[in-house]
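Colleague: Sending over a structure as structure tokens; questions will come in a sec.
The values are calculated or read from the model by the stated rules, or taken from the named source; none is laboratory data. Just so it is clear, the model here is predicted, and its values are computed rather than measured. For neighbour counting, all protein chains shown are included, and Cβ atoms are generated from backbone atoms with ideal geometry for every residue, glycine included.
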Amino acid sequence: MRQKLSFVQSLLFNLFYDYLISTGVKADQIITIALDDDIFVQYRDQDKLSKYVREKITNSNMYYILRLYNVLNGLMHLRNVDIYVTGSNSKMLTKDVPTAFRGRGDEIKVYPPFFKEYYDFVSGDKSDTYEEYALYGGMPLVLTKNSDREKLNYLQMLFTEVYFKDIVERYDIELLDVLSELTDEICSAVASLTNASKIANTLQTLKNIKISSTTVSNYLTYLMESFLFSNAKRYDVKGKKYFSYPSKYYCTDIGLRNARLNLRQQEETHIRENIIYNELLIRGYSVDVGVVDVVETNGRKIAKKQCEIDFVVNNGSKKYYIQSALNASEPAKLESELRPLRNTKDFFKKIIISKTSMKAWTDEEGILHLGLYEFLLN
């Protein structure tokens, strides 16, 4: 199983190697060291590794060092060196980078291919391609599998034999059944508001698993630190503040989520919301769930109601409010999507993304309407 993980990492670095060559870097300027390969076994010794790399580097050349796991901080003192590192989640996570490299390392997030990359590779009918993507996600090796069963088995293997084993090894988890059931619950509840207490109660009621909300919260953190899930907090649009809970959780790759549930619970609204959320992250936006207080009158009665905006997204000075509407052609559904947008009482851009493959248009209230495919492909 570790060989499979190394293959994925090798694929990523091979792509990066090709990119360096395409930009004019010479092949003899790139030092590649795979410490999990027996050919390089002698360089697992720190002193030998450091000596080998330093002898390769001269002042007249620039070297890009790939797959280097040790003596990194020492090599950072050399001005003509760029160092790139990958590794198992059991050994290093995003939060470890500042500590391990003493504030001199930067994280490069690599997401599974988003829909445009997937479509550019597969091509064909947009609707059919999207349905396949929404079912099996964008993990690259899925495209090499010939049958639906092979795709499902591969994704399930990634979860159980790679990602879970990394988490268990990293955090020395003994309650494997709890981790498994909690993961199933989060996969089942993607794009739905939940919190640690609610999950703990659900596990006790449905699975007869007694677990504290603190343990659930810790396990959720482990899953997010391992890049399997991320979450969006609720944000009070008018009050300009965050709510501590509940939050929405999303799977980094929708295919992994579906495979984990054995292709059950294929709620189209939640799946498309997960895909849109990931797309926004890939484009560099921070994403929250918007909460808007709306005052409604019914005769003499005045009622205050909380309405939701699916996504409040920010990137520097840019801010957008986005609604995901499965079918905005229904008047009642469209009105429910418009109501919170009208009541933000500000002038930031407002967008409704519908399932239809329509051309973009702006209504009389200044709200932009986009088809899902146009949003994902442009």
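Colleague: Select, from K238, K233, K198, K210, the only residue that is basic (K, R), farther than 29 Å from Q306 by Cα and either in the same structural domain as I282 (by the TED database) or assigned to a strand (DSSP E or B) (or both).
Modeller: K210
Colleague: Okay, next question. In the same structural domain as A191 (by the TED database), over 21 Å from R339 (Cα atoms) and not in a loop (DSSP other than H, G, I, E, B) - does that describe any residue in segment 289-299?
Modeller: No, the conditions are met nowhere in segment 289-299.
Colleague: Continuing with this model, one more query. Take L261 and tell me if it is under 21 Å from the mean Cα position of the chain (by Cα), at pLDDT 95 or above and under 24 Å from P113 (Cβ atoms).
Modeller: So L261 fits the description; yes.
Colleague: Let me ask something additional. Tally the residues that are surrounded by 15 or more Cβ atoms within 10 Å (Cβ to Cβ), modelled with pLDDT of 75 or more and in a loop (DSSP other than H, G, I, E, B), restricting the search to segment 82-122.
Modeller: Here the count works out to 3.
Colleague: While we're looking at this one, here's another question. Looking at (1) closer than 26 Å to Y320 by Cα; (2) in contact with a Leu (Cβ under 6 Å, 6 or more places away or on another chain), which one does E225 not meet, given that it meets all the others?
Modeller: Single failed check for E225: (1).
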